[in-house]
Amino acid sequence: MTAAQQQGLDTTIAISSEDHEDNEPSSSRDLSCIQDSLPGIAHRVFRKTAQNNKLCLYLGNRDVVVSNNSSTKIHGIVLVEPDLLRDTKKKVFGQITLTFRYGREDEEVMGLKFCNEAIMCLAQIYPPHENAQREQNTPLQEMLIQRLGSNAHAFSMEITHLAPPSVQLVPAKEYNGAPIGTSYDIRVYIAERADEKLQRKNIVKMGIKVVQMASAPPPPTPTPRSEQPKGWRQRGPQATSEKPFLLSDGKVTLEANLDKAIYTHGDPIHVNISVKNTSKKAVRRIKVFIVQHVDVCMFSNGKFKNTVASDECTDVPIPGNGGSLEKEYLLHPIKARTKNWIALEDSLGSTVNKSEGTLSSTVVCVSPEDRNVFAIYVTYYVKVKLLIGAMGGQMSLKLPFTLMHTPSNTYPAECKDASCASLGPCLMVDSKEAAITSEEHCTNNLAL
């Protein structure tokens, strides 16, 4: 734990260090959080220091949100020791790198690499390039420059909205190597040329995440209470399936629906089913489960499925000749051990197993022409399956849905300041993390 105090505005800064990200020496494992003292309002600042302790990177946000053909920018500060820039030929560069690992690190032998990298953005941070468009610093950058001094340089970087979202794949077998899947990091270094070969100690690297954000669906048109049928409730995706029989009369009709189309992480999924049996056969078994479908675009056979939640009906069998059943199931999609690779949220550089982490959000491809070779597409659907006795076979239907972050659950607390400039609520920070106490306005006016 280190502490620093600066004069002006009666400001006190307390910074806590933690083990962080990749296998770098402890001198570069420095994650800090800055918190405003106004009650219930805070803003995080992440810090990473290079191995030489002369280059430091500050970021206010590590999430790049892709939504509606646009992406948010990464705003940050680089703190450079003056002796590194005494040579006038030296410049400070920054780049956002996409890393796509499609194989286990422990299986790389004889120079074989299961990893590709692509530079998504390259910028000259200091001195600013003569042809670069000058952008106004954010209030958070201005605050950091004021507190860090003249050796702090602000920068802004942006990637295309077509960049594939961050997804981490966890193999079925135990694995402790480099994370597999699509990941991003921002790297800052000092060199004479942007493509110069660098030493590891002169680079500072911090993981970031690219997230697809779903817009909340419009509220349904209210139905007058007098027009609502008995048992009426707002519904989302719905489907119907019928199974007739060749040598007997009657059929089995299965109807199912969800309560909404877009779910946020942690939401329960309500599945309503209705079975009508007018045949002479009995329905012996009913199973409802949620499937995660993963499509790795780089490989033609890179498709696999995992069951992330399941439930079975105990009200069986359903007799023929008019038997029926209406029931609601409550499913919670969770990570679990599976026979195939499972897609989880990017852990920002650290390796996770199937008992940790969070299920990946839905990653959709708008059109076949937009398929990215580095993308990992993830979809979810509910499957309802009926097993019919007396050689009646089985029948099933699927209800696709979206599991994704939405603006309402990105931050845990709402900001009450009417002058707040943020597009979303303020971010709450645990009190055990580092803090700044200051007589300043709402930290969302410092938002990135």
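The values are calculated or read from the model by the stated rules, or taken from the named source; none is laboratory data. Because the structure is predicted, anything quoted here is derived from the model rather than measured. Here Cβ is always computed from backbone atoms with ideal geometry, including for glycine, and neighbour counts include all displayed protein chains. Heads up: the accessible areas ignore ligands, DNA and RNA and are worked out on the full protein's heavy atoms, side chains in. Shrake-Rupley method; radii C 1.70, N 1.55, O 1.52, S 1.80 Å.
Points to keep in mind about this one:
- Carbon-plus-sulfur accessible fraction, segment 352-403 (probe radius 1.4 Å, protein heavy atoms only): 57%.
- Label-point gap, in nm, between A336 and F114 - each point 7 angstrom along Cα→Cβ: 2.6 nm
- Rg(Cα)/(2.2 N^0.38 Å) for segment 166-217, N = residue count: 1.66
- A Förster distance of 60 Å, applied to the separation of the beta-carbon atoms of E328 and N137, puts the FRET efficiency at 0.70.
- Segment K280-K73, extension gain: residue separation times 0.36 nm, minus the distance between their alpha carbons: 68.2 nm
- The listed residues F46, F299 rank as F299, F46 when sorted by accessible area, largest first, using a 1.4 Å probe.
- Close amide H partners of G323, meaning residues 5 or more places away or on another chain with modelled amide H under 5 Å apart, are N277.
- Evaluating 6.51 cos²θ - 1.76 cosθ + 1.60 at θ = phi - 60° for every residue in segment 169-181, the Karplus couplings come out as 9, 10, x, 5, 7, 4, 8, 10, x, 4, x, 9, x Hz, glycine and proline recorded as x.
- D185, D249, ranked by accessible area, largest first (probe 1.4 Å): D249, D185
- Rounded to the nearest 10 square angstrom, R193 shows an accessible area of 130 square angstrom against a 1.4 Å probe.
- Residues of segment 124-154 with amide N under 17 Å of the 7 Å Cα→Cβ point at L84: 124-128, 145, 148-154
- Segment 41-98 - percent of accessible surface contributed by carbon and sulfur, probe 1.4 Å: 43 percent
- Cross-link reach is defined here as a Cα-Cα straight distance under 28 Å, omitting same-chain residues fewer than 8 places apart; for K90 the lysines meeting it are K48, K54, K73, K197, K201, K205.
- In whole percents, the pair-distance distribution calculated for segment 114-217 from its alpha-carbon pairs, binned every 5 Å from zero, is 2, 8, 14, 18, 19, 16, 11, 7, 3, 2, 0.
- Phi-based couplings in Hz for segment 104-113 (Karplus 6.51, -1.76, 1.60; Gly and Pro marked x): 6, 5, 6, 9, 7, 10, 6, x, 6, 10
- Net length gained if the chain between T358 and T160 were fully extended (0.36 nm per residue, minus Cα distance): 68.7 nm
- Scalar couplings 3J(HN,Hα) for segment 74-82, obtained by applying the Karplus form with A = 6.51, B = -1.76, C = 1.60 to θ = phi - 60°, are 9, 10, x, 10, 10, 9, 10, 5, x Hz; x denotes Gly and Pro.
- Taking 0.36 nm per residue of separation and subtracting the Cα-Cα distance, full extension of the segment from D249 to L148 would add 28.2 nm.
- 16 Å tail of the calculated P(r), segment 74-140, as % of Cα pairs: 66 percent
- Per residue accessible area in Å² of segment 81-174, where ligands, DNA and RNA are left out and the probe is 1.4 Å: 58 Å²
- K201-E242 pseudo-label distance in nm [points 7 Å out on the Cα-to-Cβ vector]: 7.7 nm
- Quotient of the Cα radius of gyration of segment 103-146 and 2.2 N^0.38 Å, N being its number of residues: 2.10.
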